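See structure below.
Throughout, read-outs are computed from the coordinates displayed, never taken from laboratory work. Keep in mind it's a predicted model, so treat the numbers as computed, not measured. Cβ sites come from the backbone with ideal geometry, for glycine too, and all protein chains shown count toward neighbours.
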Amino acid sequence: MPVHFFVLILGGVFYALAFPPHGWSLLVFVGLGMLVWGLKGLSAAKAFRRGLVWGLAAFGFGLSWFGNIFSVVSLVLWFILALFPACFAALSAFAASRGLKRWALAAFVALA
């Protein structure tokens, strides 16, 4: 289980490195791929928690400058932003548990 969280945190950091000032744009696919890999076979509640971890890593690392502007309030902002990938993760796990497979699941994940 700790390996999954390490992969999710690393995926969030890779996702953040895809945007300026680093701009290594191909890492966005690596970061999102690590998130989707970390959700395989989970319930919606567990997927939500893992998506939250990924989101906190991505936005905490990528938007670390929030701390300079908002101080302690930046923690709340990072948490609010991390709710979006957490909801994505929960929706994706819910769809997979309902029997969506292959192209239908890929289309659902892309739309989510």
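Relative to the longest principal axis of the Cα atoms of the chain, the long axis of helix 102-111 lies at roughly 30 degrees.
You can think of it this way: the chain between W103 and I69 has 7.9 nm of extra reach, that is 0.36 nm per residue less the Cα-Cα gap. Using the alpha carbons alone, the radius of gyration of segment 2-111 stands to its Kirkwood radius in an Rg to Rh ratio of 1.01. Among the trypsin sites (Lys or Arg not before Pro) in segment 1-84, those placed in a DSSP loop whose Cβ has at most 12 other Cβ atoms within 10 Å are K40.
Using a cutoff of 8 angstrom between alpha carbon atoms and counting only pairs six or more residues apart, the relative contact order for the chain works out to 27 percent. Each other residue within a Cβ distance under 15 Å of H4 adds +1 if Lys or Arg and -1 if Asp or Glu, for a net charge of +4.
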